[in-house]
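The values are calculated or read from the model by the stated rules, or taken from the named source; none is laboratory data. Keep in mind it's a predicted model, so treat the numbers as computed, not measured. Every residue, glycine among them, receives a Cβ derived from its backbone with ideal geometry; neighbour counts consider all protein chains shown. Please note that ligands, DNA and RNA were not included when accessible areas were found on the heavy atoms of the full protein model with its side chains. Shrake-Rupley method; radii C 1.70, N 1.55, O 1.52, S 1.80 Å.
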Amino acid sequence: MAHTLKPTTPRWALQHTARGAALFLGCLLLTGLSTSAQAPEAGKVLDEAKQAGRDGSSFTHAAEDYFHDMDGALALTPQEVAGRNMWLVWSGGNDRMWDKLTRDTFGAFDLLKIISSHPSQGYSRANRWEYLGLVNEPCFDKATGPDPAHQGLWLDARGKGCAPDPFENARKYPGVALGARGTTLPTGSFYGEATGIMGLRLFPNPAFDAKAAQEWDAERYYTDEKYYNRQDLVRPYRVGMSCGFCHVGPSPVNPPQDPNAPAFANLSSSVGAQYMWVDRLFIHNANKPEGQRNYMYQLAHSFRPGAMDTSLISTDSINNPRTMNAVYSFAERMAQGKQLWHEPLNGGERDNKQFNGFITSGPLTEFYDPATHIARVPHVLKDGSDSVGLLGALNRVYLNIGLFSEEWMLHFNPVVGGKAITPIPIATAQKNSGYWQATEAGTPNTALFFLKAAQPDYLQNAPGGAAYLQADTATLDHGKQVFADTCARCHSSKTPTPPPELGLEPQQCAGGGYLGCFKAYWGWTQTDGYKKLMRQIVQAPDFLKGNYLSTEARIPATLLRTNVCSPLATNALAGNIWDNFSSTAYKQLPSVGTVTLSDPFTGSNVPYAMPAGGRGYTRVPSLISLWSTAPYLLNNTVGPFNGDPSVAGRMQVFDASINQMLWPEQRVHDSILGSKVPGTIDRTDQRSEIIVPAGFVPEVLQPLRSWLHRWFPSLGGDITLGPIPQGMPVSLISNLKLQAESDKFSDKAAHARDVGEVLVKLQADLLTAPKDATDPQLREKFANLRAPLMRLSKCPDFVVNRGHYFGTAEFNQQEGLSADEKAFGTEPVLSDDDKRALIAFLKTF
């Protein structure tokens, strides 16, 4: 919640009336008030494909094996090749959304600049890996000047002697002819053009008509802030994004010698974008002071490299970065679902495609029963909410990166929120989106590709990997015993059969019965009988073969004690945006009870009752190739970052990160509260503001802006809301509930009371602030709002690297914890020798 309005040149001597107007204007901006009274009606809009008369059958999924050398050069069937191509180059018309987001983020986010190498930017293809952590596509060279074939943009150029990109073939893959396509610009291919960055494709902008072409100036687009911050600026191209953008990375077992110049053989489709700097990606000028003072940068800067808030667009007003993690061993993962996770589907959940709709026999038909509508599912996403089947999970990703944005973005206010979110029905997409129809037809091939290609990357197969695997047999046996006793109950898909008297039948344990079943299971794993059986399983020579190294169970936050912002995510709840993509069982999960959080101003304990209905749980991640995936926890907060993807670089991060996991006292602690809190709090690293360039002020607010300018001439130009002092918890502002979470009158009244209290106190406090207030003085003013701000927070958990204390003394430090947290008992504490032996075994995964 920003608190004052001022011109770009600071003026602190504003009168009471100006401050009141500023607060009012700030609230309007931050609640995302609609800029149009004629918004399209949800359920009745067509995507651009349908508008051009194209249905799904007109999009042929490409089968050229252009990426043959990737993923270990596996021999793939034509269907598997088509599945990989879809993953890497199909964007399904989402270039429309990414172009729109430039306006919705007030010009801060601009993919067309990200793919450029203009000298003014300070980043280019030459340093793209170091600065952005993005994967350069092989067979391209850095731009040396403006490209006349692309309206003067500085774009990567295809290298001499390289074969043409087959997906650019406009005759074979004709693009969607709409607007200016075919007139001012060529129509092109529906796969777009390669940009020189894996996963980003270039498309002609259908809005770039003759008038836009006449007004276009590429040099000013890169260098003139007033020009490129015009809301009416029409760029000649839009950038589309494939799934591969967030999932392609350097192969752990065949890394490139130069990360800026990989060959296809050095790339993997499934390891995840572990090195991506999302703050620099989303704020195009993040390397400049004007970019860094933007609060949007401070928010994105709380995302560690390789982590992204996947609900940033369809925002739930929770700062919730999660790792773009590797995906491995699909067959073993699906087998877990078939055995353990039987979840009923109802209503729109049943509109998800299942393998049964594409094949009539074989093992892939056994994951869904059309008679009972029970799906046997892997738990996808960090909270296990994507729980309708593998195809549903794959298809949902395309919506989340912008497919059918014409409809999707009618159900929420992008980025800023402040509008009641409603579900996007799958049935609507099936009827009104040609791109969605094509996506549903293609993802079975993508699933087939991953079933074959997403195999573990073992350290023993990496160059020089043997040097890190020097432990003797006795040490490894010791490590196996420690793993069996402490870790395997969550991190092994090979486990003992539970005694029948525990009643752990899959359907009985779904939904409302889940927490009781989990507690019974956990209690059993603490017994000597369980540990004896588990040790026998782990000691077997084939223990790692075919082991997904996760049960995919949903672990209650009261046991895990990690940051609860991910388990509190709301997008998959009943009636929310992903309602159709989460199972009824997920929506019926009971509350885990009360967790213990920390006050971000004093460090004192704060009890917080977790809500029911799906929230409160974290799905167990797989430990496959653990050596290559550090830092750890779901937000990459445990362990340091190292931009070196070599084996030596990965092992350096592994050693530091696994030590912080097992010796939690080594984790980073907060810069202000220190040991008063169990970890670190993401804080603004400099004074910042919410900056709305004049060209992006919503139309509905222009009359207010004119009124303010009449009375206060200094308030022309950009609108700047702030200052937000250095050292403020980032999530204190980003997690504010802009709306009440229920329709009950009492809840709405309480929410209105809390918002009013914040505004009244903030205005009064700022009127007493010194003219040249320091950051500590401004923080003190915010501290006065501690109670109402915490009540308004959708996630009042600010310590980002706490929890997962299993095997450590910290797990048994239970003073001040809730009864729900203490209910899981205590655990044996591992000795240093135990931990070192465990680490030796973990390296072999």
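Can you give the local net charge around ALA75? Use residues other than it whose beta-carbon is closer than 15 angstrom to its beta-carbon, Lys and Arg +1, Asp and Glu -1. Neighbour charge sum, excluding ALA75 itself: -2.
Annotation: THR618 carries an accessible surface of approximately 10 Å², with a 1.4 Å probe and no ligand, DNA or RNA atoms counted.
Assuming 0.36 nm per residue, please report the length gained on full extension of the stretch SER124 to ALA769 beyond their Cα-Cα distance. Intermediate values should be presented prior to the final figure.
On the way: separation 645, 0.36 × 645 = 232.20 nm, distance 4.33 nm.
Net length gain for the segment: 227.9 nm.
A simple count of charges around CYS139, restricted to other residues whose Cβ falls under 14 Å of its Cβ and scoring Lys, Arg +1 and Asp, Glu -1, yields -3.
From the alpha carbon centroid of the stretch 420-470 to that of the stretch 808-823 is 38 Å. For the residue pairs LYS172/LYS226; LYS419/LYS771; LYS353/LYS519; LYS382/LYS843, the C-alpha atoms sit more than 29 angstrom apart in LYS172/LYS226; LYS419/LYS771; LYS353/LYS519. The 1.4 Å probe gives accessible areas that order GLU332, GLU41, GLU780, largest first, as GLU780, GLU41, GLU332.
I want to check the label-to-label distance for LYS676 and THR183. Put each point 7 Å from Cα in the C-beta direction and report it in nm to one decimal. The modelled label-to-label distance comes out at 6.4 nm. Taken over the C-alpha atoms, the chain has Rg and Dmax values of 26.5, 81 angstrom. Counting only protein chain heavy atoms and rolling a 1.4 Å probe, the accessible areas of LEU394, LEU340 rank, largest first, as LEU340, LEU394.
Under Stokes-Einstein, with the Kirkwood radius over Cα pairs standing in for Rh, what whole-number D in µm²/s applies to the stretch 552-623 at 25 °C and 0.890 mPa s?
Once the numbers are plugged in, D ends up at 188 µm²/s.
Pop out the carbon and sulfur fraction of the accessible area of the stretch 251-347 as a percent, whole number, probe 1.4 Å. C and S fraction of accessible area: 54 percent.
For the chain, the solvent-accessible area works out to 37 Å² per residue, with a probe of 1.4 Å and every protein chain left in place. Taking 0.36 nm per residue of separation and subtracting the current Cα-Cα distance, fully stretching the chain between VAL606 and THR826 would add 77.0 nm. Using a probe of 1.4 Å on the protein chains alone, the accessible area found for VAL416 is around 40 Å². A Förster distance of 56 Å, applied to the separation of the beta-carbon atoms of TYR227 and GLN539, puts the FRET efficiency at 0.25.
Plugging the Kirkwood radius over Cα pairs into Stokes-Einstein for the stretch 578-689, at a temperature of 10 °C and a viscosity of 1.306 mPa s, what D comes out in µm²/s? Here the translational diffusion coefficient equals 93 µm²/s. The Cα trace of the stretch 236-343 gives Rg and Dmax of 17.2, 54 Å, the first to one decimal, the second as a whole number. At the residue level, TRP522 shows approximately 10 square angstrom of accessible surface with a 1.4 angstrom probe and all protein chains present.
Shown here is the pair-distance distribution of the stretch 41-157: with all Cα-Cα distances grouped in 10 Å bins from zero up to the longest one, the shares run 11, 27, 34, 24, 4 percent. Among VAL45, VAL253, the order of accessible area from largest down is VAL253, VAL45, computed with a 1.4 Å probe on protein heavy atoms.
FRET efficiency for the GLU665 to PHE358 pair, using the beta carbon distance and R₀ = 56 Å, is estimated at 0.60. Computed from the C-beta positions of GLU366 and ALA427, the FRET efficiency with R₀ = 22 Å rounds to 0.30.
Dipole of the chain computed with +1 at Lys/Arg Cβ and -1 at Asp/Glu Cβ about the Cα centre; of GLN336, VAL81, SER311, farthest Cα towards the positive end is SER311.
Both the radius of gyration and Dmax for the stretch 277-400 are 18.7, 60 Å, in that order, over alpha-carbon atoms.
For the stretch 153-305, what number results from the quotient of the Cα radius of gyration and 2.2 N^0.38 Å? Let's see the in-between values first.
Details: Rg = 17.9 Å, N = 153, 2.2 N^0.38 = 14.9 Å.
Here the answer is 1.21, to two decimals.
Using a simple spin-label model with pseudo-atoms 7 Å out from Cα toward Cβ, LYS160 and HIS68 lie 2.5 nm apart. Each Lys and Arg adds +1 at its Cβ and each Asp and Glu adds -1 at its Cβ; summed about the Cα centre, the stretch 180-239 shows a dipole of about 200 debye.
When a 1.4 Å probe is rolled over the protein heavy atoms, the share of accessible surface on the stretch 477-607 that falls to carbon and sulfur comes to 53 percent. Net charge near GLN336: determine it from the other residues with C-beta under 12 Å of the C-beta of GLN336, scoring Lys and Arg +1 and Asp and Glu -1. Computed value for this residue: +3.
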